[in-house]
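A short write-up of the structure that comes next.
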Amino acid sequence: MKKRVLAALLASATILSVVGCAKDEGTSGDTSGDAATSGDAATSGDAATSGDTATSDTPAATVTEAADGGKVLNIWCWNDEFQQRVKKFYPGYTDNGDGTGTIDGVTVKWTSNPNADNGYQIPLDAALKNQDNVAADEKIDIFLIEADYADKYVNSSYSLPVSAVGITDADTAEMYSYTKEIATDASGNLKAVSWQAAPGLFAYKRSIAKEVLGTDDPTAVQEYVANWDKFDETAAKMKGAGYFMLSGYDDAYRTFSNNVDAPWVNESKQIIIDQNILRWVEQTKTYTDNGYNNKNSLWSEGWAADQGPDGKVFGFFYSTWGINFTLLGNAGEAGFGDWAVCYGPETYYWGGTWICASYQTDNKTLVHDIMYNLTCNADIMKSITTDPEVQDYTNNMKAMDEVATSDFKSDFLGGQNHIALFTENAKKIDMSNISPYDQGLNETFQAAFKEYFDGKIDYDTAIENFYNNAIVKYPALSRP
């Protein structure tokens, strides 16, 4: 079983570790990659391309009513995660063996561009803007979005309300509320649906826990990381025993950035650094100076190696997709049974993927069926979670509660039913402070502080570098 599961997931894990979920980011994983300073999203000055706006500055689309009769279903995404879900769980999908598929005589064409550094948004925006000028079989029918820039597309005319393709309130009743809130536009229209919910947990190595803490039991280990003071105390214990608490600079970032008091950008379009982000800076500087982390960057080779059998890092913050798609692949067969999860010091989320219907789709019925089966069909949702080669946490409260209270277990996590923990944290997710700028500003902020953590520049210089690079990326924004 171990080899079969591992082989099936290594490809997904590799992709996720490069681009994040969404996702990320993987897919659904994170997009907070290493470097976000190139500013390539700003060169054109086009608001829609740069990700600089959600509604008023987005070029107007010629909105058309969803229709049927299209011969090609064009789906845009940033990796193959959604493609794999469709292949395995959508009834009637045939893989053509050439990167395309067929459903009821309609050819399914997949277009993928890497997510990091706005690399997915830029060509997507250009293609959406050019919809009126291409042949019917080249028009986008479905495009995927993730949390860090969902607001931009939800509040644009390029996405249709899901009701326009026949998805009803009754269909979405069991979805976690935050997954609907993030995809609802300013007029109250639900514009996208997700098969995932992405609450986060703290994943730790059982063998290290036993050696240093005397126990690997998730309930007992939780007491050592229940808040940030205890987390810091445990970091010192790990250091004293020859281990690192975290792999590098970025590992804890999402637990801070997801608990801010306000969005990155205020009503005056000024970039505001939240105090919780600055607390991440303070903690990461302390961990770097004290040797509590291994000075790696998210998605780097060193970071991946720290999750392997010879890794000396105690734990990693991961959301649902990360456990089975990234951590499992990096840990390898030797890692089976040597990992577990607990709640950690703070509730957070990381990533998630939403399905949008393009405003010019000519495959209304097929778009509806894909949305419905992969995000509303409780039986399929439950199958995605319990399938031993997938075990993705899905966006259906009833299905997840059933799995959480069942005898379901993860071999990789030593027999633990981690779904039970995810269900608790999923109920606490707050998306009220997201903005259209989250991907670019999160990436840019993390990149700007790497040299500060290593002692190469001072704090004020890091702040200045952040603002300068952020405004290159988003020219319409300013510093306070």
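The values are calculated or read from the model by the stated rules, or taken from the named source; none is laboratory data. No experiment lies behind these values; they were computed from the predicted model shown. Because the Cβ atoms are built from the backbone with ideal geometry, glycine has one as well, and the counts that use them run over all protein chains shown. The protein model used for the area step is the full one, side chains on, heavy atoms only, and it has no ligands, DNA or RNA in it. Shrake-Rupley method; radii C 1.70, N 1.55, O 1.52, S 1.80 Å.
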Among residues of the stretch 128-137, those that are touching a helix residue (DSSP H, G or I) at 6+ places or on another chain (Cβ under 9 Å), open to solvent by 10 Å² or more (accessible area, probe 1.4 Å) and not in a loop (DSSP other than H, G, I, E, B), counted: 1
Residue that is nearest to the chain's Cα centre (by Cα), among those in the stretch 71-90 that are modelled with pLDDT under 95 and not polar (S, T, N, Q): Glu81
For Asp430: the one exception among (1) open to solvent by less than 10 Å² (accessible area, probe 1.4 Å); (2) in a loop (DSSP other than H, G, I, E, B): (1)
Qualifying residue in the stretch 454-469 (condition: more than 27 Å from Asn115 (Cα to Cα), in a helix (DSSP H, G or I) and of a type in the set (A, V, I, L, M, F, W, C)): no
The lone exception for Gly188 - which of (1) under 30 Å from Asp369 (Cβ atoms); (2) open to solvent by less than 10 Å² (accessible area, probe 1.4 Å) it fails: (2)
From the options Gln391, Gln360, residue that is more than 30 Å from Tyr204 (Cα to Cα), part of a loop (DSSP other than H, G, I, E, B) and modelled with pLDDT under 95: Gln360
Residue match in the stretch 470-479 (condition: more than 25 Å from the chain's Cα centre (by Cα) and of a type in the set (Phe, Trp, Tyr)): no
